[in-house]
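The values are calculated or read from the model by the stated rules, or taken from the named source; none is laboratory data. As the structure is a computational prediction, the values presented were derived from the model and not from experiment. Cβ sites come from the backbone with ideal geometry, for glycine too, and all protein chains shown count toward neighbours.
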Amino acid sequence: MSRLFPAPLLSLSLFVLWLLLNLSVSAGNLLLAAVLGILAPLLMAPLRPQHAHVRRPRVIVKLIGRVGLDVILSNLEVARGVLRAGKRPPRSAFVHIPLALREPHGLATLSMITTVVPGTVWSELALDRSVLLLHVFDLEDEAAFIKHFKDTYERPLMEIFQ
């Protein structure tokens, strides 16, 4: 049965979504919804990533709180940097951050975190996943920033995923 429905929840969701979008439960729409619900997950199964193995779920709660706080503080810092740009322009820079995190789900989560936190942009990841190139809006001390980034984001993600 799992061969026909590799993602049963996705199949059901696609079936229901098709019917809702068409606002009809005619025989033709039921057939199309069933075909979509069966074929789409089958065709997309090779694209699905491996299942993530979460090791320490409590660390997730702490990380979410920390990211939320960093979003607020970074918004204030970026706003302050923009407002004082005439007096002192921001010292933006690209920073190479060595990574110990290699797990794909952890790296994907790290990329989302850097996207959400204002003032940082994920620029490039080395092919061997050993170094992250990050653009920082206003950088005072590169070594302190790297230490903060690794302690605040990478270490908890390693606890969660590795």
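Kindly check whether there is at least one residue in region 31-53 that is within 30 Å of Leu133 (Cα to Cα), surrounded by 11 or more Cβ atoms within 10 Å (Cβ to Cβ) and under 27 Å from the mean Cα position of the chain (by Cα). Before the answer, list the steps.
Step one: of region 31-53, the residues within 30 Å of Leu133 (Cα to Cα) are 46-53.
Checking which are surrounded by 11 or more Cβ atoms within 10 Å (Cβ to Cβ) leaves us with 48, 52.
Filter once more, keeping what is under 27 Å from the mean Cα position of the chain (by Cα): 48, 52.
The answer is yes; a qualifying residue exists.
Give the residues of region 11-30 that are outside any helix (DSSP H, G or I) and either surrounded by 12 or more Cβ atoms within 10 Å (Cβ to Cβ) or of a type in the set (S, T, N, Q) (or both), sorted by residue number.
Ser24, Ser26, listed by residue number.
Does Gly106 satisfy being in contact with a helix residue (DSSP H, G or I) (Cβ under 9 Å, 6 or more places away or on another chain) and at positive phi?
Numbers: in contact with a helix residue (DSSP H, G or I) (Cβ under 9 Å, 6 or more places away or on another chain): yes; at positive phi: no.
Spelling it out, it is not the case that Gly106 is in contact with a helix residue (DSSP H, G or I) (Cβ under 9 Å, 6 or more places away or on another chain) and at positive phi.
What do you reckon, is Ser74 small (Gly, Ala, Ser) and either within 19 Å of Gln162 (Cα to Cα) or not in a helix (DSSP H, G or I) (or both)?
On the way: small (Gly, Ala, Ser): yes; either within 19 Å of Gln162 (Cα to Cα) or not in a helix (DSSP H, G or I) (or both): no.
No, not satisfied.
Within region 23-42, is even one residue modelled with pLDDT under 95 and under 30 Å from Thr114 (Cβ atoms)?
Within region 23-42 (the criterion being modelled with pLDDT under 95 and under 30 Å from Thr114 (Cβ atoms)), the answer is no, since none of the residues qualifies.
Give the residues of region 77-103 that are surrounded by 13 or more Cβ atoms within 10 Å (Cβ to Cβ) and part of a helix (DSSP H, G or I), sorted by residue number.
Glu77, Val78, Gly81
Can you name every residue in region 115-162 that is part of a loop (DSSP other than H, G, I, E, B), without any contact (Cβ under 8 Å) to a residue 40 or more places away in the chain and farther than 27 Å from Arg55 by Cβ? Give the derivation first.
The initial filter retains those residues of region 115-162 that are part of a loop (DSSP other than H, G, I, E, B), namely 117-119, 126-130, 137-141, 162.
When the remaining residues are screened for being without any contact (Cβ under 8 Å) to a residue 40 or more places away in the chain, the result is 126-130, 141.
If the condition is that a residue be part of a loop (DSSP other than H, G, I, E, B), without any contact (Cβ under 8 Å) to a residue 40 or more places away in the chain and farther than 27 Å from Arg55 by Cβ, then Asp141 is the only one that fits.
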